[in-house]
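Report on one structure; see the data block that follows.
The values are calculated or read from the model by the stated rules, or taken from the named source; none is laboratory data. It should be emphasised that the depicted structure is a prediction, and the values quoted were computed from it without experimental measurement. Note: ideal-geometry Cβ built from the backbone for every residue, glycine included; neighbour counts use all protein chains shown. Each accessible area value is taken on the protein alone, full model and side chains, heavy atoms only, with ligands, DNA and RNA left out. Shrake-Rupley method; radii C 1.70, N 1.55, O 1.52, S 1.80 Å.
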Amino acid sequence: MKTIGKINRIIKERELLKSRNLTIGFVPTMGYLHNGHISLVRKAKSISDRVIVSIFINPIQFGKNEDLSKYPRSLESDKKKLDEEKVDILFYPSQNEMYKDRITKVSAIKHRPILCEKTRPDHFDGVLTVVAKLFNIISPDFAFFGEKDFQQLFLVTKMTKDLNFNLKIIPCPIVREKDKLAMSSRNVYLSSKERSEAPIIYNTLLYAKKLFVEGVEPKKIEEIAKKLIEENSSGKVDYIKIYDGKTLDEVSENSRDYRIFAAVWFGKTRLIDNIRVIK
Ligand code: AMP
């Protein structure tokens with residue numbers, strides 16, 4: 001695997017691949033790789049001729065009081081994992097390389113504020129800006145995003161269409177630990193007590209799904225789910241919310257495909273998860 005930090009170098013590599021008519025699959029990450037990331041890499045390997053993974057802890061998607069400086073890092077073990085998966089290129093740019101003298105950002109106009117945007121203002125502008133830059137730098141044929149970060153996947157898909165990026169976004173299912181906690185680089189922050197409590201998020205989503213299928217009102221379900229989590233664990237609910245899964249609009253009579261979203265604080269760690277419901 002080649003590791004490349006400079007934009008002009010990776011553009012040369014990409015042009016070489018294109019001149020040979022090879023398709024490029026791209027997996028953007030912030031590193032500290034776990035099996036959720038690896039599932040994206042494997043999907044990328046399965047449908048692209050060459051796979052590029054980026055590791056970039058994107059400073060502009062972190063809020064002022066968030067965990068940028070403490071965000072977990074493990075470059076050497078990440079490289080080993082990617083090597084084992086036979087990834088072709090790791091793009092590992094510096095902050096300076098990506099953002100020196102920047103005056104531009106990409107911003108979603110309609111879906112704000114949605115869910116996470118309330119607690120994390122500017123987060124999605126930071127995400128869309130870095131993803132747009134990475135798409136221009138890598139020029140992939142396919143880009144792979146996890147449903148774990150469903151709002152991110154939704155906004156990136158819309159941006160790709162709105163800004164006419166010539167590539168296909170491939171959604172990938174959520175990978176979970178044995179006890180069904182969604183894998184996340186942030187799980188490492190949990191104390192052992194919090195870690196043992198955290199599967200309550202997914203279990204509550206399953207219960208919320210059951211109630212929803214039975215016809216209970218979304219508002220009522222959101223209340224019940226919040227109470228369940230807060231009375232049975234140390235978790236503090238940021239939101240539990242049911243949206244139309246295709247549009248992320250409020251549920252309407254026309255909806256058939258839904259998503260139930262959860263964000264829960266365990267101490268200083270905010271965990272997110274979601275589940276699909278088709279009715
Ligand atoms: P991150 O490194 O957290 O920015 O995540 C990079 C990519 O991996 C994003 O597309 C995430 O949605 C995806 N991802 C993270 N955790 C999981 C998971 N448990 N299952 C599937 N995809 C994931």
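For region 29-186, the share of DSSP beta bridges that are antiparallel, to the nearest 5, is 10%. Only beta bridges with both residues in the chain are counted; by DSSP, about 50 percent of them are antiparallel. A cut-off under 14 angstrom between Cβ atoms defines the neighbours of residue 53, and their net charge, with Lys, Arg +1 and Asp, Glu -1, is +4. Straightening the chain between residue 3 and residue 77 buys 25.3 nm, computed as 0.36 nm per residue apart minus the Cα-Cα spacing.
For region 74-113, the equivalent ellipsoid built from the Cα gyration tensor has semi-axes of 31, 17, 9 Å, listed from largest to smallest.
Sort 221-232, 201-212 for me by packing, meaning the mean count of neighbouring Cβ atoms within 10 Å per residue, highest on top. Display every interim value, and only then the final one.
Details: 221-232: 16.4, 201-212: 19.0.
The densest-packed peptide leads the list: 201-212, 221-232.
Adding -39500 (n - 2.57) for every DSSP H run of four residues or longer, then dividing by how many residues the chain holds, sets the calculated 222 nm ellipticity at -12000 deg cm²/dmol. Taking each of 45/79; 210/279; 133/168; 193/241; 110/268 in turn, the alpha-carbon distance tops 19 angstrom for 193/241; 110/268. For residue 105, a cut-off of 17 angstrom between C-alpha atoms picks up these aspartates and glutamates, skipping any fewer than 8 places away in its own chain: 97, 117, 122, 125, 162. Measuring only protein heavy atoms, the 1.4 Å probe finds residue 80 accessible over about 130 Å².
Computed from the Cα positions only, the extents of the chain along the three principal axes stand at 56, 43, 38 Å, in decreasing order. If R0 is 45 Å, the Cβ-Cβ spacing of residue 20 and residue 232 corresponds to a FRET efficiency of close to 0.20.
Based on the alpha-carbon set only, what is the convex hull volume of region 99-251 divided per residue, in Å³? Show your work: numbers first, answer last.
On the way: hull volume 22.1 nm³, N = 153.
About 145 Å³ per residue, rounded to a whole number.
Length gained on full extension, residue 213 to residue 252, computed as 0.36 nm times the residue gap minus the Cα-Cα distance: 12.6 nm.
For the chain, the solvent-accessible area with a 1.4 angstrom probe is 51 square angstrom per residue.
In the chain, the portion of solvent-accessible area held by carbon and sulfur atoms comes to 51 percent [1.4 Å probe, whole percent, DNA, RNA and ligands not counted].
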